[in-house]
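Structure first, commentary second.
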Amino acid sequence: MENSGNKPFTILHMNELFIGLMSGTSLDGMDAVLVNFGDSPQDIKIMGHSYVPYADTLKKSLLGLHLPHTNELEDSLIAGNIVSQKAYQAIEALLKKTGTTPKDVKAIGFHGQTIRHQPQKGFTLQIGNPALLAELSYINVIADFRSRDVAAGGQGAPLVPAFHKEIFSHPTTHRAIVNIGGIANITLLNPETSVSGFDSGPGNLLLDHWSQKHLRKAFDEDGSWAKEGELIQMLLDAFFTDPYFETTAPKSTGRDHFNEAWLNKHLQKSYPAHDIQRTLLELTALSISKAIGTHNANIIEIYLCGGGALNSFLVERLKSLMPQIKIQLTDALGMPTQHVEAAAFAWLAKQTLFLKAGNLPQVTGAKGLRILGAIYPA
């Protein structure tokens with residue numbers, strides 16, 4: 001393959017193709033996008049998309065790895081190989097769909113699957129085998145984006161605000177980009193100040209768990225089940241006693257903190273299941289709106305992305321909580337909501353090959369700008 005020898009990372013010409021891969025805390029599957037980066041930061045085109053769902057057995061394995069158990073080291077390596085194979089399936093489908101060959105693609109940005117996120121202890125862990133993915137795909141693979149930021153004293157997350165700044169910034173308009181995956185994260189794009197961003201708290205994670213437990217469905221489509229329920233104010237108030245919501249940025253979180261055990265701790269009384277779902281949806285909506293109100297009162301536009309952006313009742317609640325702000329999907333800016341996060345990791349791969357920083361220290365808390373990721377040549 002071109003550039004696959006000792007010098008795989010020569011200066012790139014623009015209009016180069018990169019693949020971005022993403023599987024987030026929702027654990028639903030692997031998204032892949034083929035991205036063409038043009039001459040200017042906002043000259044970016046999604047050339048194609050593919051998705052490979054995770055089998056229930058893999059989901060169960062990944063969920064189990066979020067907590068200590070016997071033989072977890074071996075289990076994590078086996079699961080990481082399966083995640084990489086799923087990634088390759090998504091890449092194969094993407095290349096076929098777009099009529100692209102491996103030699104046409106400069107690199108793959110491979111996020112891997114987060115199973116532990118403990119920046120306060122000095123580590124974050126995304127499993128996956130990038131060496132195997134490079135071997136299968138014959139494409140350069142860039143992975144382990146978060147560790148360098150953590151090593152520099154940062155949270156290692158969220159990383160997507162740097163990408164949001166690059167492609168969604170407006171010279172005069174104050175915007176927020178809200179990515180609602182398993183965890184929700186917010187990027188505040190104020191043209192008069194530096195970009196800020198942080199995880200606001202649970203996104204779909206607890207909603208999906210409760211839906212799976214009671215409806216045997218992976219998610220509550222359009223929030224229809226939640227909409228049938230009544231808000232339990234006492235329970236919502238109990239949720240918000242968690243110190244995370246009052247912690248100032250930089251901050252990030254994940255399943256290590258917001259999980260089934262966290263929810264069960266608050267369920268001291270017996271409530272109707274659909275009322276709990278309604279209250280969990282309000283937790284997501286209210287934590288987002290409170291965070292935006294606390295950190296920047298001048299935002300006039302919000303653009304939503306991630307799976308939660310397709311939950312019509314959740315979007316309805318966000319609009320109700322922030323009636324003064326125009327809220328719409330990132331599709332309005334030319335980027336389909338389901339493609340944003342995967343595209344961000346294509347961009348991070350490009351940054352690495354250009355030897356450019358991929359983090360924003362004011363977002364993650366790192367000591368400074370850092371080139372992120374480890375490179376596995378094809």
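Per residue, how much accessible area does the stretch 151-256 have with a 1.4 Å probe, in Å²?
On the way: 4140 Å² over 106 residues.
For the stretch 151-256, the solvent-accessible area averages 39 Å² per residue.
Would you tally the net charge around ILE300, using a Cβ to Cβ cut-off of less than 12 Å, leaving ILE300 out, and scoring K and R as +1, D and E as -1? Could you put the intermediate results ahead of the total?
On the way: positive: ARG175, LYS326; negative: GLU301.
For residues surrounding ILE300, the net value is +1.
Among rounded, prolate and oblate, which fits the stretch 61-155 when a ≥ b ≥ c are the square roots of the eigenvalues of its C-alpha gyration tensor, a/c under 1.5 means rounded, and a/b larger than b/c means prolate?
Oblate, because a/c is 1.5 or more while a/b does not exceed b/c.
Can you work out the accessible area per residue across the stretch 325-378, with the rest of the protein chains kept in place, probe 1.4 Å, in square angstrom?
Result: 38 Å² of accessible area for each residue.
Mind ordering 327-335, 94-102 by average Cβ neighbours within 10 Å, highest first? Could the numbers behind the result be given before it?
Details: 327-335: 16.9, 94-102: 15.2.
Answer by packing, highest mean first, reads 327-335, 94-102.
Which FRET efficiency, nearest 0.05, do THR193 and ALA131 yield, Cβ-Cβ r, R0 45 Å?
Numbers: r = 41 Å, r/R0 = 0.92.
Step by step, r from the Cβ atoms, then E = 0.65.
Let me know the shape class of the stretch 132-212, please: from the alpha-carbon gyration tensor, a ≥ b ≥ c as square roots of the eigenvalues, rounded when a/c is under 1.5, otherwise prolate if a/b is greater than b/c, or oblate.
Oblate is the answer for the stretch 132-212, as a/c is 1.5 or above yet b/c matches or exceeds a/b.
So what is the calculated 222 nm ellipticity per residue for the chain, using -39500 (n - 2.57) for each DSSP H run with n of 4 or more, over all residues, to the nearest 500 deg cm²/dmol? Spell out each step's value before the answer.
Working: 13 runs with 139 residues, N = 378.
Computed mean residue ellipticity for the chain: -11000 deg cm²/dmol.
Pairwise over distinct Cα atoms, reciprocal of the mean inverse distance: report the Kirkwood radius of the stretch 189-328 in Å, one decimal place.
When all Cα pairs of the stretch 189-328 are included, the Kirkwood radius is 15.7 Å.
Nearest-5 percent of antiparallel DSSP beta bridges in the chain?
Here the antiparallel bridges make up roughly 70 percent for the chain.
Which of the peptides 267-279, 20-32 is most tightly packed, and how do the rest follow, judged by the mean count of other Cβ atoms within 10 Å per residue? Please report the intermediate quantities before stating the final value.
Numbers: 267-279: 16.1, 20-32: 25.1.
The most tightly packed comes first, giving 20-32, 267-279.
So what's the gap between the Cα centers of the stretch 224-251 and the stretch 263-340, to the nearest angstrom?
What the calculation gives is 11 Å, centre to centre.
Kindly flag which residue pairs out of LYS60/LYS96; LYS59/LYS213; LYS59/LYS86; LYS106/LYS367 have an alpha-carbon separation exceeding 24 Å in this structure.
LYS60/LYS96; LYS106/LYS367
Computing the accessible area with a 1.4 Å probe over protein heavy atoms, can you report the carbon and sulfur percentage for the stretch 306-378?
54
Among all stretches of the chain without exposed chymotrypsin sites (Phe, Trp or Tyr not before Pro) (DSSP loop, at most 15 other Cβ atoms within 10 Å), which one is longest?
It runs 1-137.
In the Gaussian network model of the chain, springs joining C-alpha atoms below 10 Å, which of PRO130, PRO243, PRO53 carries the largest mean-square fluctuation?
In this elastic network of the chain, the residue with the biggest mean-square fluctuation among PRO130, PRO243, PRO53 is PRO243.
Using Cα-Cα distances under 8 Å and only pairs 6 or more residues apart, what relative contact order does the stretch 250-378 have, in percent?
Once normalised by length, the contact order is 20 percent.
Of the heavy-atom accessible surface of the stretch 187-281 (probe 1.4 angstrom), what whole percent is carbon and sulfur?
Values: 2210 of 4470 Å².
Of all accessible area on the stretch 187-281, carbon and sulfur atoms account for 49 percent.
Go through the stretch 113-152 and name the trypsin sites (Lys or Arg not before Pro) that are in a DSSP coil and have 10 or fewer other Cβ atoms within 10 Å of their Cβ.
Qualifying residues, ordered by number: none.
Determine the order of SER40, SER137 by accessible area, beginning with the largest, at a probe radius of 1.4 Å.
Numbers: SER40 60, SER137 5 Å².
Heavy-atom accessible area, descending, gives SER40, SER137.
The values are calculated or read from the model by the stated rules, or taken from the named source; none is laboratory data. If you're wondering where the values come from, they're calculated on a predicted model, not measured in any experiment. Virtual Cβ from ideal backbone geometry, glycine too; neighbours counted across all protein chains shown. Ligands, DNA and RNA are stripped out before the accessible areas are found, and what is left, the full protein with its side chains, is counted by its heavy atoms. Shrake-Rupley method; radii C 1.70, N 1.55, O 1.52, S 1.80 Å.
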